[in-house]
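The values are calculated or read from the model by the stated rules, or taken from the named source; none is laboratory data. Please read these numbers as outputs of a predicted model, since none were measured by experiment. Note: ideal-geometry Cβ built from the backbone for every residue, glycine included; neighbour counts use all protein chains shown. Remember, those area values only see protein heavy atoms, side chains included, never the ligands or the DNA or RNA. Shrake-Rupley method; radii C 1.70, N 1.55, O 1.52, S 1.80 Å.
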Amino acid sequence: MLELEDIAKIYGVKVILKKISCRLTAGSVCLLVGPNGAGKSTLMRIMAGLSRPSLGSVQLAEGTQVGYLGHATFLYPGLTALENLAFWNAAYGLMLSDNALMSTLERVGLQAHAHDRAGIFSRGMAQRLNLARLLMQSPDLLLLDEPGTGLDAASLMLLRREITAAQRRGACVVLISHDFQGDAPLADRLLVLTECTLQYDGPPSDYQSLTAADAEGDQACYA
């Protein structure tokens, strides 16, 4: 679905990423972790095609629909929740009915706020509306950069349910998270990014076994 080969990203004289190679496949959930400033968001933006690598190649399978959820919500505060989805519905060329848009709001628990302006939403509500923007596309590749930010426990359960549902329909999900213990059970693959490159690429359970055998301080890499 998506293949990165020897990716590097350099800003001026600062190396952000180097020699990043991985292949993302359909029907998988990949958890991307690493210290603050490790380059996780930069790598995800390269995956999304929003940033060009300084070196290396990015190959996306033809016809793959990509959905990206970053730190910005891409919502219009003066529009209602329903109007925001209607705007993106037109922008994406989806031609979904108002009933279908309302159903999408229901999936993220915002049907009661369909006619409320997004500008008055809490961070968690805005994040759920942003998730609805992605869900209505049914993308083949979902790139989620810390989607749990600002979400309460119920909203986190909803998010994780949607991630599992996306995997079951054959999508590939890449998730940046600071909640390793909560999100690791969702994933069948773990990417650990430290010192500008991938230090681990494999099952989360194997990595946990490795870190358990090392010093307890190694757990800090999940921060």
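How would Thr64, Thr149 line up by accessible area, probe 1.4 Å, largest first? Before the final figure, lay out each step's value.
Numbers: Thr64 30, Thr149 60 Å².
Largest accessible area first, the residues go Thr149, Thr64.
Count charges around Pro139 for me, please; just the other residues with Cβ under 11 Å from its Cβ, Lys/Arg as +1, Asp/Glu as -1.
Net of charged neighbours comes to +1.
State log₁₀ I(q)/I(0) for region 8-101 at q = 0.12, 0.13, 0.16, 0.18 Å⁻¹ as given by the Debye formula over alpha-carbon point scatterers of equal weight, solvent excluded.
Here the Debye-derived log intensity ratios amount to -0.56, -0.65, -0.88, -1.00.
Please arrange Cys22, Cys196 by accessible surface area, largest first, computed with a 1.4 Å probe and ligands excluded. The partial results should precede the final answer.
Numbers: Cys22 10, Cys196 35 Å².
Largest accessible area first, the list is Cys196, Cys22.
Might you tell me the accessible area per residue for the chain, computed with a 1.4 Å probe and given in Å²? It would help to have the intermediate numbers written out before the result.
Numbers: 10750 Å² over 223 residues.
Value returned for the chain: 48 Å² of accessible area per residue.
Per DSSP helix of 4 or more residues, -39500 (n - 2.57); summed, then divided by the residues of the chain. What does that give at 222 nm, rounded to the nearest 500? The partial results should precede the final answer.
Working: 7 runs with 74 residues, N = 223.
My calculation for the chain gives -10000 deg cm²/dmol from helical runs alone.
Which sequence of Met102, Met157, Met136 reflects their accessible areas, 1.4 Å probe, from the largest down? Could the numbers behind the result be given before it?
Working: Met102 60, Met157 135, Met136 15 Å².
Listed by decreasing accessible area, they come as Met157, Met102, Met136.
Seen from all sides and averaged, what is the projected area of the convex hull of the Cα atoms in the chain, in nm²? All intermediate terms of the calculation are to be shown ahead of the outcome.
Values: hull surface 51.1 nm².
The number I arrive at for the chain is 12.8 nm².
Pop out the carbon and sulfur fraction of the accessible area of region 1-91 as a percent, whole number, probe 1.4 Å.
Working: 2460 of 4600 Å².
After summing per-atom areas, the C and S share lands at 54 percent.
For region 98-166, with all protein chains present and a 1.4 Å probe, just round the carbon and sulfur fraction of the accessible area to a whole percent. Working shown, then result.
Working: 1440 of 2820 Å².
Result for region 98-166: 51 percent of the exposed heavy-atom area is carbon or sulfur.
Taking the chain as the reference, fit the longest principal axis to its C-alpha atoms, fit the long axis of helix 123-135 to the helix C-alpha atoms, and give the angle between the two in degrees, 0 to 90, nearest 10.
Taking Cα atoms only, the helix is inclined about 90 degrees.
For Ser122, what accessible surface area do you get with a 1.4 Å probe? Give it in Å², rounded to 10.
Accessible area, nearest 10 Å²: 60 Å².
Once the whole set of protein chains is in place, how much accessible area is left on Arg189, using a 1.4 Å probe, in Å² to the nearest 10?
Rounded to the nearest 10, the figure is 50 Å².
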